[in-house]
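Engineer: Can you read through this structure? Questions will come right after.
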Amino acid sequence: PIDSLGWEFLVSKEEEKAIQVPAKDGAYIKGFFLEGAQWDLENWHLEEPMPMQLYAQMPIINFKPIDQKKVKEKGFYSCPCYRYPIRTGTRENPSYVLNVRLKLPPAAPGFLKGTSDFWIKRGTALLLSLAT
């Protein structure tokens, strides 16, 4: 049943031009912006943004439906996704869409970037649009 499904979010290592066929399972989604972080293209996880960088382009993400029991929580940040930078929205037009699990940097003693708390305090979120 549909109630037993969850999402796996696979950040694609391929450029848009290289993707010639639809995803076998799920859908490729592009156009996300990261606020409060950037995506490390070498190590493939969240990273602190460059100085003075407010937003960073996110690579294409494959939204793949999987059995809820197979959803991995450890080592991932449950990143909220909003339609607009103004996150509150209105009752009639809410801005929040869903949470996307993004890979965290490797955890190490005293290395806070490897924890979800670090990114929560930073206000890290995915945005679908930079316009308000």
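The values are calculated or read from the model by the stated rules, or taken from the named source; none is laboratory data. Everything numeric in this text was worked out from a predicted model, so none of it was measured. Here the Cβ is made from the backbone with ideal geometry for all residues, glycine too, and neighbour counts use every protein chain on show. Ligands, DNA and RNA are stripped out before the accessible areas are found, and what is left, the full protein with its side chains, is counted by its heavy atoms. Shrake-Rupley method; radii C 1.70, N 1.55, O 1.52, S 1.80 Å.
Engineer: If Rh is defined by the Kirkwood formula over all Cα pairs and Rg also comes from Cα, what ratio Rg/Rh do you get for region 18-82?
Structural biologist: Rounded to two decimals, Rg over Rh is 0.99.
Engineer: What distance in nm separates the two pseudo spin-label positions at Lys69 and Ile86, each 7 Å out from Cα along the beta-carbon direction?
Structural biologist: Inter-label distance under the simple model: 4.6 nm.
Engineer: Carbon and sulfur together cover what percent of the accessible area of region 28-71 at a 1.4 Å probe radius?
Structural biologist: Of all accessible area on region 28-71, carbon and sulfur atoms account for 56 percent.
Engineer: Pick from Lys17, Lys121, Lys70: which is most flexible by mean-square fluctuation in a GNM of the chain where alpha carbon atoms under 10 Å apart are linked?
Structural biologist: Lys17
Engineer: Let me ask you something else. Assuming R0 = 22 Å, can you tell me the calculated FRET efficiency for the pair Asp25 and Leu98, based on Cβ-Cβ distance, to the nearest 0.05?
Structural biologist: For R0 = 22 Å, the calculated efficiency reads 0.80.
Engineer: Please work out how much accessible surface Ser116 shows to a 1.4 Å probe, ignoring ligands, DNA and RNA, in Å² rounded to 10.
Structural biologist: 40
Engineer: Compare Gln68, Gln53, Gln20 in a GNM of the chain, Cα atoms joined below 10 Å, and give the one with the largest fluctuation.
Structural biologist: Comparing Gln68, Gln53, Gln20 in the GNM, the peak value goes to Gln20.
Engineer: Using only alpha carbon pairs under 8 Å that are at least six residues apart, calculate the relative contact order of the chain and give it in whole percent.
Structural biologist: Working: 254 pairs, mean separation 39.5, N = 132.
The value is 30 percent.
Engineer: Please work out the FRET efficiency for the pair Asp3 and Ala56, using the Cβ-Cβ distance as r and a Förster radius of 41 Å; give the result to the nearest 0.05.
Structural biologist: So, using R0 = 41 Å, E works out to roughly 0.75.
Engineer: I'd like the Karplus ³J(HN,Hα) series for region 73-90: coefficients 6.51, -1.76, 1.60, θ = phi - 60°, whole numbers in Hz, and an x wherever there's a Gly or Pro.
Structural biologist: 9, 5, x, 10, 9, 7, 7, x, 10, 10, 6, 10, x, 7, 7, 6, x, 10
Engineer: Exposed loop GluC sites (Glu not before Pro) only (DSSP loop, at most 14 other Cβ atoms within 10 Å): please give the longest stretch of the chain free of them, not including the sites.
Structural biologist: 93-132
Engineer: Restricting things to alpha carbons, find the Rg to Rh ratio for the chain using the Kirkwood radius for Rh.
Structural biologist: Here the Rg-to-Rh quotient is 0.96.
Engineer: Here's something else I'd like to know. Find how many whole Å separate the alpha carbon centroid of region 3-49 from the alpha carbon centroid of region 50-110.
Structural biologist: 10
Engineer: For the chain, what is the accessible area per residue in Å², given a 1.4 Å probe and the full set of protein chains? All intermediate terms of the calculation are to be shown ahead of the outcome.
Structural biologist: Numbers: 8760 Å² over 132 residues.
Per-residue accessible area for the chain comes out at 66 Å².
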